[in-house]
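See structure below.
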Amino acid sequence: MKLALEAPPLPTLTIAGREERFPVNRVFCVGRNYAAHAREMGKDPDREPPFFFMKPAAAVVDAASPTSVPYPVKTKNYHHEIELVIAIGRGGRDIPVEQALDHVYGYAVGLDMTRRDLQLDARDKGRPWEFGKSFAQSAPIGALHRAEDIGHPAQAAITLTVNGQPRQGSDIAKLIWSVSECVAYLSEYEALEPGDIIMTGTPEGVNAVVAGDVMVGEVQGLGAIEVRVTG
Ligand code: MN
């Protein structure tokens with residue numbers, strides 16, 4: 001096959017303890033999946049069905065080692081959202097909840113970086129969230145830990161500090177929609193494919209960062225990521 005243009009690079013993530021890398025296909029993100037965060041965003045945390053938005057695969061930044069992201073344009077309120085990240089290894093549609101974990105390749109720590117002012121403006125006008133969520137380098141993700149190595153974490157502290165000060169802290173046991181439920185539900189709407197990523201939502205404590213800030217996010221058992229914001 002001869003391409004008319006040079007093909008864009010394939011985004012990939014580090015796999016802990018392996019030389020081979022994980023090819024990123026699509027990035028799905030769950031909105032409001034911790035009750036305390038739903039409340040801080042002014043929403044009712046009742047258990048409505050989950051909802052999803054997307055980021056382009058090219059928004060992924062490999063944060064397996066300390067890295068940096070630029071403060072994005074067109075915002076004055078650039079927020080951190082620390083999240084548990086699921087990597088899909090085996091595709092499928094209408095996946096039953098009981099079989100959902102069989103489709104998970106592994107887990108990582110990730111940041112759903114958000115231009116909050118643009119997101120809320122779009123939300124309040126009933127417009128899509130893309131300008132708030134789907135910009136370049138908006139998804140730093142640490143090394144993937146394979147489920148065959150670490151199993152499927154159901155309880156683990158999830159934390160984020162900025163310049164050493166605690167900002168977000170919760171436990172993934174407080175996910176309103178569990179890993180299995182997110183995978184099963186999403187697969188009813190879109191056939192999942194190997195390489196898909198699901199960011200599972202953020203706990204309370206989201207807040208702004210500015211150039212020079214250093215974020216350290218951790219999910220117990222998955223290690224920590226360190227991401228500096230540059231000007
Ligand atoms: Mn998020």
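None of the figures in this text is laboratory data; all of them are computed from the coordinates on show. It should be emphasised that the depicted structure is a prediction, and the values quoted were computed from it without experimental measurement. No Cβ is skipped: glycine too gets one built from the backbone with ideal geometry, and neighbour counts run over all protein chains shown.
Descriptive notes on the structure:
- Filter result for residue 104 (of a type outside the set (Asp, Glu), within 16 Å of the ligand (Cβ to nearest atom) and touching a strand residue (DSSP E or B) at 6+ places or on another chain (Cβ under 8 Å)): no
- Taken over segment 29-47, the criterion of being within 11 Å of the ligand (Cβ to nearest atom) and either assigned to a helix (DSSP H, G or I) or on the phi < 0 side of the Ramachandran plot (or both) is satisfied by 29, 30, 31, 33, 34, 37, 41.
- Tally, over segment 2-28, of residues that are away from the ligand (no atom under 15 Å from the Cβ) and either under 19 Å from the mean Cα position of the chain (by Cα) or at positive phi (or both): 14
- Filtered by the rule that a residue be in contact (Cβ under 8 Å) with a residue 24 or more places away in the chain, within 30 Å of residue 230 (Cα to Cα) and not in a strand (DSSP E or B), segment 131-150 gives 131, 133, 134, 135, 136, 137, 138, 142, 143.
- Residues that are outside any loop (DSSP other than H, G, I, E, B), polar (S, T, N, Q) and either within 16 Å of the ligand (Cβ to nearest atom) or touching a residue at least 40 places away in the same chain (Cβ under 8 Å) (or both) within segment 156-191 comprise 159, 161, 168, 170, 180, 187, listed in sequence order.
- No other residue among 153, 194, 203 is under 12 Å from residue 86 (Cα atoms) and either in contact with a helix residue (DSSP H, G or I) (Cβ under 7 Å, 6 or more places away or on another chain) or assigned to a helix (DSSP H, G or I) (or both) apart from 153.
- Qualifying positions in segment 2-26 - surrounded by fewer than 12 Cβ atoms within 10 Å (Cβ to Cβ) and in a strand (DSSP E or B): none
- All of 219, 214, 210 fail the test of being over 18 Å from residue 52 (Cα atoms), in contact with a strand residue (DSSP E or B) (Cβ under 6 Å, 6 or more places away or on another chain) and surrounded by fewer than 23 Cβ atoms within 10 Å (Cβ to Cβ), apart from 214.
- Of all residues in segment 66-76, none satisfies being within 15 Å of the ligand (Cβ to nearest atom) and not basic (Lys, Arg).
- Residues of segment 49-106 that are surrounded by 15 or more Cβ atoms within 10 Å (Cβ to Cβ) and without any contact (Cβ under 8 Å) to a residue 12 or more places away in the chain: none at all.
- Considering residues of segment 126-153 that are closer than 16 Å to residue 17 by Cα and of a type outside the set (A, V, I, L, M, F, W, C) only, the residue surrounded by the fewest Cβ atoms within 10 Å (Cβ to Cβ): 148
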